[in-house]
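Some notes on the structure that comes next.
The values are calculated or read from the model by the stated rules, or taken from the named source; none is laboratory data. Note that the structure is predicted; figures quoted are calculated from it, not measured. Cβ: placed from backbone, ideal geometry, glycine included. Neighbour counts: every protein chain shown.
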Amino acid sequence: MSSSLKNLGRNVRRLRKKVGYTQEQLAERAGIPRATMAGVEKEDANPTLNVIASIADAMGVSIDELLRAGDPRATHMKFDPELKMASRDGKYVSVSMSPVDAKHVIINRVHMQPGAHFKGKAHARGSQEFFLATRGSATLTVVDTEFTVEEGDLVYFNGDQEHTYENRTPDTPFEGVAMIYYSNAVDD
């Protein structure tokens with residue numbers, strides 16, 4: 001068996017576990033049978049280029065990343081609207097933009113409709129959160145301190161504190177970025 005196919009099996013398994021997919025979930029996203037996915041990960045399959053491309057697309061990585069030995073030098077993340085978290089009313093939407101194998105950082109693109117209110121979860125002790133406004137205005141409350149965050153503004157705080165995001169404007173959507181940095185690697 002070629003080293004590229006061995007790398008494929010190892011990389012698919014590693015990246016799948018990082019995003020928390022089961023073999024069945026990844027196979028479904030890739031549009032291939034679960035048995036094919038299992039064979040790829042066991043390194044005993046000889047997948048077609050179409051199968052490899054489908055797996056890469058489902059994970060948002062390049063084919064090169066799946067076949068490469070070692071860590072890639074750079075990764076191009078493609079937007080995936082399925083990697084989102086939303087409030088029940090849909091006024092707050094956060095889409096993950098983080099690489100699937102990131103260990104210390106989570107990056108989310110945030111969109112809030114007027115009237116949105118979302119309580120963020122406290123992150124691990126020692127973490128830091130950075131909240132950047134790229135369009136519009138939002139109110140960020142950390143514990144009991146309010147910050148009005150306008151286009152171009154950045155607020156950072158210890159991520160293990162209670163915090164809430166709001167768009168109090170009557171008619172202007174908000175867009176921004178929330179980045180959480182962990183001093184220790186995020187658990188698998």
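Quick notes on this one:
- Among the residues of region 151-167, those identified as without any contact (Cβ under 8 Å) to a residue 60 or more places away in the chain and in a strand (DSSP E or B) are LEU154, VAL155, TYR156, PHE157, ASN158, HIS163, THR164, GLU166.
- Among the residues making up region 59-89, those that are part of a loop (DSSP other than H, G, I, E, B), at pLDDT below 80 and not hydrophobic (A, V, I, L, M, F, W, C) are GLY70, ASP71, PRO72, ARG73, THR75, HIS76, LYS78, ASP80, PRO81, GLU82.
- Residues satisfying the stated conditions in region 11-63, i.e. polar (S, T, N, Q) and crowded, with 21+ Cβ neighbours inside 10 Å: ASN11
- Long-range neighbours under 8 Å by Cβ, at least six apart or interchain, first residue of a type in the set (Lys, Arg) within region 121-150, second assigned to a strand (DSSP E or B): ARG135/PHE174; ARG135/GLU175; ARG135/GLY176
- Pairs with Cβ under 6 Å, 6+ apart, first in region 29-41 and outside any loop (DSSP other than H, G, I, E, B) and at pLDDT below 95, second among the aliphatic types (A, V, I, L, M) and surrounded by fewer than 19 Cβ atoms within 10 Å (Cβ to Cβ): GLY39/ALA45
- Residue that is surrounded by the most Cβ atoms within 10 Å (Cβ to Cβ) [pool: residues in region 96-136 that are within 20 Å of GLU162 (Cα to Cα) and in contact with a Ser or Thr (Cβ under 6 Å, 6 or more places away or on another chain)]: VAL110
- Any hit, region 170-178, residues being touching a Pro at 6+ places or on another chain (Cβ under 9 Å), in a strand (DSSP E or B) and either aromatic (Phe, Trp, Tyr) or at pLDDT 95 or above (or both): yes
- Leading residue by the ranking (modelled with the lowest pLDDT) among those in region 1-28 that are part of a helix (DSSP H, G or I), out of contact with any helix residue (DSSP H, G or I) (no Cβ under 6 Å at 6 or more places or on another chain) and not basic (Lys, Arg): SER3
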